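Enquirer: Handing you a structure now.
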Amino acid sequence: MLILNAGIFVHGEIIFLPLPGLDQAHQKAGSLGCLNNLKQISYAAKRWSLDHGGQFPAEFQVFTNELASPAVFFCPTDVGRLIPTNWSDLNWSRIDYTWISNAPWADTNICGTCRIHTHALQADGFVRFGLERSGWPSFVAGAVEQLATPGSAVEFKVRIAPDALVPVGFQWRREHLYYRTNVTFVSDPSTPGGGYWSTNRSANFTVTSLAGQTTPSLRLQNVQTNDSDYYTVAVSNVMGTTVSSHARLGVDAGFTVLTNEHWSRVICMNNLKQISLLANIWADDHDNHKPQSFSEMTNRFGLPMFGWPIVLFCRSDMARTAPADWPGLDFANTSYEIISGDEQDAYAIFCQCKVHGFYVQMDGQTISGPRFTAITHTNNTVELALVVFAGRTNLLEASVDLVNWTNVATYSGATGPLFYSETASLPRSFFRIRLP
Ligand SMILES: [Zn+2]
Ligand SMILES: [Zn+2]
């Protein structure tokens, strides 16, 4: 129950679907786009050089003929600018890359850099992968998706890199998703008048700035169903503008999601997926070793990679509640635990929910119960490959009519892949594996 300023009592329930991996991927995409620009610049310079006796170009301007468009000189991470579509509109003082003329070509010296990233293009064509430069307003915690009942008060909140150059400006936006279907005729030159129609459906957003919403958090009081939409925030400083990933707000009186244990399980699985995704991003920077604990999963600012603590708490966990922020959080007392097992074993448990027992394997697969992985059926032999659920009793049952089931095997204690083979006992046609 929430008490609003006006003194009205409003019932509201909200659940959160944290997707911190999305923000990480979003920022990484811009970074990879930048890397791609540097590569294209490198190829263009080399092509120009081939036509000019192996010379090293002194500046970008000499080899623009080798490039398709000026867009390649703009780092995709800065979304705040209009990129010219033709060369005559290009203001060279506004581009994001710097060219450093330093032959010979085989050299590992740096010949290209980005204003926003520490990526570095070497003369030999190799690009050294970097991060955003200090000062850039990167997101260290994104907005969390929320489902709410009408009348609730919801809040979207982001956190920016602590070293972002100030002042930092925030502008929250509402984004409405729509689809556009494009139909084009693809002519076939070999048959005059011939060809075929092609359609594709693309997703787009209409963006509306929310007046007065210019702080790191967006509070919406007394939300109604027509507030359901996507919300983002554009963050700017002297270095440029970045936009958060889309956080959805769903408002519906009939959300069974809010109270249902089935949905708590789905959200728990989602948390495990996010934890696994972030662990992989962490492993990328740590010689491909998976983290051994949540507390070591920090970003370059020493802050937890998870965005907000909520991703480490299962909704079915009655003993623990997610705090709003990190200070004072005991990483050993969250709903999930990292099991530091054999990294080479794809089926080993990486992280497990203390409440449900659901887990995510080293290979990123989430397991919420026993399951079949393969079925081989030859003449009168059935061979089942199955994965049993850790720490529980797993019952393998068979039936001829899907009504009456007979237990054929029981597995407990162990985890991982197993085989079950049965000969000459058909016509048993159906098998199931379940937890009692
Ligand atoms: Zn860049
Ligand atoms: Zn759980």
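Enquirer: Restricting to strands (runs of 3 or more DSSP E) lying wholly in the range 352-427: which have 1 or more residues that are modelled with pLDDT of 85 or more?
Expert: On the way: elements: 359-361, 371-378, 381-388, 393-399, 406-412, 416-423.
Filter on the range 352-427 gives 359-361, 371-378, 381-388, 393-399, 406-412.
Enquirer: Also, quick follow-up: Of everything in the range 105-133, what is touching a helix residue (DSSP H, G or I) at 6+ places or on another chain (Cβ under 6 Å) and within 15 Å of ligand 1 (Cβ to nearest atom)? Give them in sequence order.
Expert: Initial filter on the range 105-133 (touching a helix residue (DSSP H, G or I) at 6+ places or on another chain (Cβ under 6 Å)): 112, 114, 117, 119, 121, 125, 127.
Residues satisfying the conditions are G112, C114, H117, H119, L121, V127.
Enquirer: Looking only at the range 111-124, how many residues end up being open to solvent by less than 20 Å² (accessible area, probe 1.4 Å) and outside any strand (DSSP E or B)? Spell out how you get there, then give the answer.
Expert: Looking only at the range 111-124, we keep the residues that are open to solvent by less than 20 Å² (accessible area, probe 1.4 Å), and these are 111-112, 114, 116-117, 119-123.
If we keep only those that are outside any strand (DSSP E or B) too, we end up with 116, 119, 123.
Residues flagged as open to solvent by less than 20 Å² (accessible area, probe 1.4 Å) and outside any strand (DSSP E or B) within the range 111-124 amount to 3.
Enquirer: Checking D163 against (1) at pLDDT 95 or above; (2) not assigned by TED's automatic domain parsing to the domain that holds A253, which single condition isn't satisfied?
Expert: (2)
Enquirer: Among (1) without any contact (Cβ under 8 Å) to a residue 24 or more places away in the chain; (2) crowded, with 19+ Cβ neighbours inside 10 Å, where does E296 come up short?
Expert: (2)
Enquirer: Which residues, taken from the range 90-114, are closer than 17 Å to C75 by Cβ and of a type in the set (S, T, Y)?
Expert: S93, Y97, T98, T113
Enquirer: Is it true that some residue in the range 378-397 is without any contact (Cβ under 8 Å) to a residue 24 or more places away in the chain, more than 21 Å from the chain's Cα centre (by Cα) and not assigned by TED's automatic domain parsing to the domain that holds S276? Let's see the steps before the verdict.
Expert: Step one: of the range 378-397, the residues without any contact (Cβ under 8 Å) to a residue 24 or more places away in the chain are 378-379.
With more than 21 Å from the chain's Cα centre (by Cα) added as a condition, the list becomes 378-379.
Narrowing further to those that are not assigned by TED's automatic domain parsing to the domain that holds S276: 378-379.
Yes: one or more hits.
Enquirer: Same structure, new question: Would you check if there is a residue in the range 302-310 being touching a residue at least 60 places away in the same chain (Cβ under 8 Å), assigned to a helix (DSSP H, G or I), surrounded by 15 or more Cβ atoms within 10 Å (Cβ to Cβ) and out of contact with any His (no Cβ under 7 Å at 6 or more places or on another chain)? Give the derivation first.
Expert: To start, the set of residues in the range 302-310 that are touching a residue at least 60 places away in the same chain (Cβ under 8 Å) comprises 303, 305-308, 310.
Adding the requirement that they be assigned to a helix (DSSP H, G or I) leaves 310.
Now narrow it down to the ones that are surrounded by 15 or more Cβ atoms within 10 Å (Cβ to Cβ): 310.
Subset that is out of contact with any His (no Cβ under 7 Å at 6 or more places or on another chain): 310.
Yes, there is a match, as at least one residue in the range 302-310 is touching a residue at least 60 places away in the same chain (Cβ under 8 Å), assigned to a helix (DSSP H, G or I), surrounded by 15 or more Cβ atoms within 10 Å (Cβ to Cβ) and out of contact with any His (no Cβ under 7 Å at 6 or more places or on another chain).
Enquirer: Based on this model, can you work out whether F129 counts as at pLDDT 95 or above and aromatic (F, W, Y)?
Expert: No, not satisfied.
Enquirer: Being more than 16 Å from ligand 1 (Cβ to nearest atom) and either under 23 Å from S31 (Cβ atoms) or in contact with a helix residue (DSSP H, G or I) (Cβ under 7 Å, 6 or more places away or on another chain) (or both): is that true of L210 here? So that I can check it myself, show each step before the final result.
Expert: Values: more than 16 Å from ligand 1 (Cβ to nearest atom): yes; either under 23 Å from S31 (Cβ atoms) or in contact with a helix residue (DSSP H, G or I) (Cβ under 7 Å, 6 or more places away or on another chain) (or both): no.
Taking the combined requirement at face value, the residue does not satisfy it.
Enquirer: So, of the residues in the range 316-334 that are open to solvent by less than 70 Å² (accessible area, probe 1.4 Å) and either within 21 Å of the chain's Cα centre (by Cα) or over 15 Å from V266 (Cα atoms) (or both), which turns out to be nearest to ligand 1 (Cβ to nearest atom)? Explain how you work it out, then say what you get.
Expert: Of all residues in the range 316-334, those open to solvent by less than 70 Å² (accessible area, probe 1.4 Å) come to 316-317, 320, 322-323, 325-326, 329, 331, 334.
Retained after the next criterion (residues that are either within 21 Å of the chain's Cα centre (by Cα) or over 15 Å from V266 (Cα atoms) (or both)): 320, 322-323, 325-326, 329, 331, 334.
On the way: R320: 40, A322: 34, P323: 35, D325: 30, W326: 29, L329: 33, F331: 33, T334: 35 Å.
Result: W326.
Enquirer: Determine which single condition S293 fails, assuming it passes every other condition in (1) in the same structural domain as F331 (by TED's automatic domain parsing); (2) modelled with pLDDT of 95 or more; (3) closer than 26 Å to V79 by Cα.
Expert: Among (1) in the same structural domain as F331 (by TED's automatic domain parsing); (2) modelled with pLDDT of 95 or more; (3) closer than 26 Å to V79 by Cα, S293 violates only (3).
Enquirer: Right, R265: in a helix (DSSP H, G or I), under 21 Å from the mean Cα position of the chain (by Cα) and closer than 20 Å to G21 by Cβ or not? Steps first, answer last, please.
Expert: Numbers: in a helix (DSSP H, G or I): yes; under 21 Å from the mean Cα position of the chain (by Cα): yes; closer than 20 Å to G21 by Cβ: yes.
Answer is yes for this residue.
Enquirer: Before we move on, is L50 open to solvent by 40 Å² or more (accessible area, probe 1.4 Å), without any contact (Cβ under 8 Å) to a residue 40 or more places away in the chain, more than 16 Å from ligand 2 (Cβ to nearest atom) and in contact with a Pro (Cβ under 9 Å, 6 or more places away or on another chain)? Before the answer, list the steps.
Expert: On the way: open to solvent by 40 Å² or more (accessible area, probe 1.4 Å): yes; without any contact (Cβ under 8 Å) to a residue 40 or more places away in the chain: yes; more than 16 Å from ligand 2 (Cβ to nearest atom): yes; in contact with a Pro (Cβ under 9 Å, 6 or more places away or on another chain): no.
So L50 does not fit the description; no.
Enquirer: Another question, then. Go over the candidates N222, N270, N288 one by one and state the one that is in a helix (DSSP H, G or I) and either in contact (Cβ under 8 Å) with a residue 40 or more places away in the chain or open to solvent by 40 Å² or more (accessible area, probe 1.4 Å) (or both).
Expert: Details: N222 fails: in a helix (DSSP H, G or I); N288 fails: in a helix (DSSP H, G or I).
Within the list N222, N270, N288, the selection yields N270.
For every residue, the table says whether it meets (1) farther than 30 Å from V223 by Cβ; (2) open to solvent by 80 Å² or more (accessible area, probe 1.4 Å); (3) part of a strand (DSSP E or B).
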{"position": "F156", "(1), (2), (3)": "no, no, yes"}
{"position": "Q171", "(1), (2), (3)": "no, no, yes"}
{"position": "R174", "(1), (2), (3)": "no, no, yes"}
{"position": "P189", "(1), (2), (3)": "yes, yes, no"}
{"position": "P192", "(1), (2), (3)": "yes, yes, no"}
{"position": "S198", "(1), (2), (3)": "yes, no, yes"}
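Enquirer: Report, ordered by the first and then the second residue, all pairs with beta carbons closer than 6 Å, sequence separation of six or more or different chains, a first member in the range 133-162 that is of a type in the set (S, T, Y), and a second member that is open to solvent by 10 Å² or more (accessible area, probe 1.4 Å) and in a strand (DSSP E or B).
Expert: Partner pairs satisfying both residue conditions: S138/E132; S152/I14.
Yes/no matrix, rows are residues, columns are (1) away from ligand 2 (no atom under 16 Å from the Cβ); (2) without any contact (Cβ under 8 Å) to a residue 12 or more places away in the chain; (3) surrounded by 18 or more Cβ atoms within 10 Å (Cβ to Cβ):
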residue	(1), (2), (3)
A211	yes, yes, no
D227	yes, no, no
H246	yes, no, yes
V251	yes, no, yes
G254	yes, yes, no
A279	yes, no, yes
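Enquirer: Going by the structure shown, is S69 open to solvent by 20 Å² or more (accessible area, probe 1.4 Å) and more than 16 Å from ligand 1 (Cβ to nearest atom)?
Expert: Details: open to solvent by 20 Å² or more (accessible area, probe 1.4 Å): yes; more than 16 Å from ligand 1 (Cβ to nearest atom): yes.
Spelling it out, S69 is indeed open to solvent by 20 Å² or more (accessible area, probe 1.4 Å) and more than 16 Å from ligand 1 (Cβ to nearest atom).
Enquirer: Continuing with the same structure: Return the total of residues in the range 336-347 being open to solvent by less than 40 Å² (accessible area, probe 1.4 Å) and over 23 Å from the mean Cα position of the chain (by Cα).
Expert: So the answer is 1.
The values are calculated or read from the model by the stated rules, or taken from the named source; none is laboratory data. All of these numbers come straight from a predicted model, not from anything done at the bench. A quick note on method: Cβ atoms are made from the backbone with ideal geometry, for glycine too, and the neighbour counts reach across all protein chains shown. Protein only, heavy atoms only, side chains kept; ligands, DNA and RNA dropped before computing areas. Shrake-Rupley method; radii C 1.70, N 1.55, O 1.52, S 1.80 Å.
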